[in-house]
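Structure first, commentary second.
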């Protein structure tokens, strides 16, 4: 089972790597505008935001839905071959891909946590980071046209679906489990400063996830060097995932403030020095804080303060990576279309806004404890 889980994460995040790093460049080569790309890539986070709402209402993520999601994933990857040249059909392909990816991951995550335990989960999850990096390093060597990127997307989606099927088949996870209902324990309005801060953090990543490759190659950084920058950021993420156990014993709200502030500084560096490789590599090293430490601290903090822990994690995924990712994709496309030179300056301001709201929330918590 451990080997299957490691393979799943490796190939799943390999799909993510092709999708995030190479597909924007492919769409540019096919004549899509920056705003079109922003809208197309907003489909996946939109699905991620909407889907959890159905499960709050009682829908069960059972083996039947899981297997259907595997079919949707592969079918969507195939449809890219036929629909990549038209905006509306390509948007539909992205929606299908988003549905497949959004349903597969939480199902396997439950199996992984049950099989490995939370203490060893990170050691398996790291194979996802490795898959992301290795796929990027390989594809950059052989990428010649859009067909090559689509071939990789389909191959990795097919392998991911196959491995995921056997992971589910061999697990002893029950097909039907009781679902937690949304109760007053999670009050978004009461804690709106926290949730807004978490969402804004992901909004700031819209420029990075959707336009970093385009932005850097437009500033005379080669595609291969850009891939190395992506890979270096993931390497920093891996290092943090291995070493953050002791750090997470500290004040989690302080860590959230620290990581949001560091992220604002990171985007500001990219804005000021888009062609300085030394500074770009340094900014990528900050991915250890912007993603790995922020993500872990946020999940741990929500787990700590809310009684209904699974529902809190669903909201975290939907509001941050879903709504925040959607808003970030659309906003970054709008800004890059009109003011490309200020793309990462806007991200810096948004990340600083995240810091401000988390800071206000922290002060509010301090007052209530007095």
I need the shape label for the stretch 184-370. Rule: rounded when a/c is under 1.5, else prolate if a/b > b/c, else oblate, with a, b, c from the alpha carbon gyration tensor. prolate
Using alpha-carbon positions, what is the distance between the centroids of the stretch 330-370 and the stretch 1-41, in Å? 25
Roughly how many nanometres apart are two label points built 7 Å out from the Cα toward the Cβ at residue 217 and residue 64? 4.5
Suppose each label sits 7 Å from its Cα in the direction of the beta carbon; what would the residue 88-residue 304 distance come out to in nanometres? 5.0
Mean-square fluctuation maximum in Gaussian network of the chain, Cα pairs under 10 Å, restricted to 194, 97, 170, hits 170
Sorted by packing (mean other beta-carbon atoms within 10 Å per residue), highest first, where do 222-233, 351-362 land? 351-362, 222-233
What is the Å³ per residue value for the convex hull set by the Cα atoms of the chain? 127
Each label point is 7 Å from the Cα along the Cα-to-Cβ direction; what then is the distance between the points at residue 2 and residue 190, in nm? 4.2
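Only helical DSSP H runs with n ≥ 4 go in: add -39500 (n - 2.57) per run for the chain, normalise by residue count and round the 222 nm mean residue ellipticity to 500 deg cm²/dmol.
Value at 222 nm, helices only, nearest 500: -25500 deg cm²/dmol.
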So what is the relative contact order of the chain, in percent, for Cα pairs below 8 Å that sit 6 or more residues apart? 30
Site residue 276, offset 7 angstrom along Cα→Cβ, radius 17 Å on amide nitrogen, limited to the stretch 214-233, gives 216, 219-221
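What percent does the relative contact order of the stretch 184-370 come to when contacts are Cα pairs within less than 8 Å and at least six residues apart? Mind showing how you got there, number by number?
Working: 230 pairs, mean separation 81.4, N = 187.
Reported as a whole number, the value is 44 percent.
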Assuming R0 = 35 Å, can you tell me the calculated FRET efficiency for the pair residue 367 and residue 250, based on Cβ-Cβ distance, to the nearest 0.05? 0.95
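None of the figures in this text is laboratory data; all of them are computed from the coordinates on show. This is a predicted model, so every value here is computed, not measured. Neighbour counts run over all protein chains shown; Cβ positions are idealised from the backbone, glycine included.
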